[in-house]
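Following: one structure in structure tokens, then a few remarks.
The values are calculated or read from the model by the stated rules, or taken from the named source; none is laboratory data. These numbers come from a predicted model, not from an experiment. Cβ placement follows ideal geometry from the backbone for every residue including glycine, while neighbour counts extend to all protein chains displayed.
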Amino acid sequence: MKPDDHYSAKPLPTSWDKNCESVIDLLIPTDCAGLRLDQALARLLPEWSRSRIQTWIAQERVKLDNQLCTAKQKVWGNEHVLICPNLTEASTVHNAEAIALNIIHEDGTILVVDKPAGMVVHPGNGNRQGTLLNALLHHAPQLENVPRAGIVHRLDKDTSGLLIIAKTVEAQFRLVRQLQQRTVKRDYLALVLGQVDQNGTVDAPIGRHPVHRTKMAVTSRGKTARTHYQLVESLAGCSLLQCSLETGRTHQIRVHMHSIHHPLVGDPVYSGKPRKISTEIGQLLTAFPRQALHAWQLALIHPGNAQEMCWQSELPNDLAALLNQLRHYHP
């Protein structure tokens with residue numbers, strides 16, 4: 001199955017709401033069998049809230065097998081769904097800001113950005129300005145008509161590296177579907193404490209920490225999470241790993257590395273202390289001001305022309321400098 005087999009976008013039928021800019025045309029997959037329609041659509045379209053989808057169903061903006069439907073209606077797979085999203089109603093007003101962006105690739109459908117450490121991706125409490133979203137709205141004002149200004153996945157504030165942005169609603173739906181089907185390849189470089197002797201996989205569910213609600217943790221009640229890691233280089237007191245995400249949970253690499261006793265250098269939340277190393281190296285590692293994590297490679301199928309695309313990003317200066325210091329260290 002191709003990544004966007006369940007997604008397509010077509011001109012709106014003239015018999016339907018003429019105020020709708022486009023219609024989302026999708027097929028309910030069989031793994032949604034037995035769910036209510038609103039539950040299935042919320043799973044397939046995570047960029048929209050379930051309450052938003054329920055509103056559109058009530059407004060007769062959703063058709064199931066070309067018939068009006070209800071939110072409680074059960075689906076069993078292979079049903080044809082048409083959705084006329086009310087983009088004006090769903091949009092949240094954010095300010096456009098003239099913030100410089102490091103653009104790796106741009107065309108009429110997508111935008112690939114190399115995000116610096118320290119930049120928040122999406123506005124939230126305490127971060128209403130200076131975010132990637134604010135910068136995107138200035139660079140491409142038409143993104144105000146796309147949910148979350150086209151953002152389909154995120155990086156933590158202090159994680160650097162590549163992000164894909166959809167410039168149209170249709171492209172966003174297709175990219176989200178690729179993420180769901182795990183056909184987007186995301187590789188990170190992570191500097192972790194301790195010596196990692198062999199490659200491996202961490203297959204452990206991640207959910208909200210039962211006590212510290214601002215943290216994530218490996219927990220039996222969490223969602224499936226899988227991280228593959230390979231040793232790139234052994235260094236004084238630490239190891240440089242390539243981590244590849246099979247899933248995309250919040251803080252996934254940070255939580256998984258902490259769970260196998262190799263937390264990221266500089267991680268302020270999932271921290272650890274350097275072991276069996278000199279005071280000089282210990283001070284060097286503990287002084288690094290952020291988690292040493294960089295999203296260095298991104299590969300996917302272009303949502304517009306179906307071509308396989310891949311981009312890479314050089315290590316940021318702060319992490320590259322730390323690695324060079326460690327390489328030249330002689331005990």
Working carefully through the options L111, L45, L82, L37, find the one that is over 24 Å from the mean Cα position of the chain (by Cα), closer than 26 Å to H302 by Cβ and either touching a residue at least 12 places away in the same chain (Cβ under 8 Å) or crowded, with 16+ Cβ neighbours inside 10 Å (or both). L82
Just a yes or no: is a residue in region 86-107 at pLDDT 80 or above, crowded, with 20+ Cβ neighbours inside 10 Å and not basic (K, R)? no
Of residues in region 267-303 being more than 27 Å from K157 (Cβ to Cβ) and β-branched (V, I, T), the one modelled with the highest pLDDT: I301
Of those in region 167-180 that are in a helix (DSSP H, G or I) and polar (S, T, N, Q), the residue surrounded by the most Cβ atoms within 10 Å (Cβ to Cβ) is Q172
For region 304-331, enumerate the residues that are at pLDDT 95 or above and among the aliphatic types (A, V, I, L, M). M309, L315, L319, A320, A321, L322, L323
Out of curiosity, is T214 over 16 Å from the mean Cα position of the chain (by Cα) and under 23 Å from I103 (Cβ atoms)? no
Return a yes/no flag: does region 300-317 have any residue that is buried (at least 21 other Cβ atoms within 10 Å of the Cβ) and over 23 Å from K185 (Cα atoms). no
Which residue out of L231, L323, L285 is surrounded by 20 or more Cβ atoms within 10 Å (Cβ to Cβ) and either touching a residue at least 12 places away in the same chain (Cβ under 8 Å) or farther than 25 Å from L111 by Cβ (or both)? L285
So which residues in region 189-215 are exposed (fewer than 14 other Cβ atoms within 10 Å of the Cβ), assigned to a loop (DSSP other than H, G, I, E, B) and at pLDDT 95 or above? N199
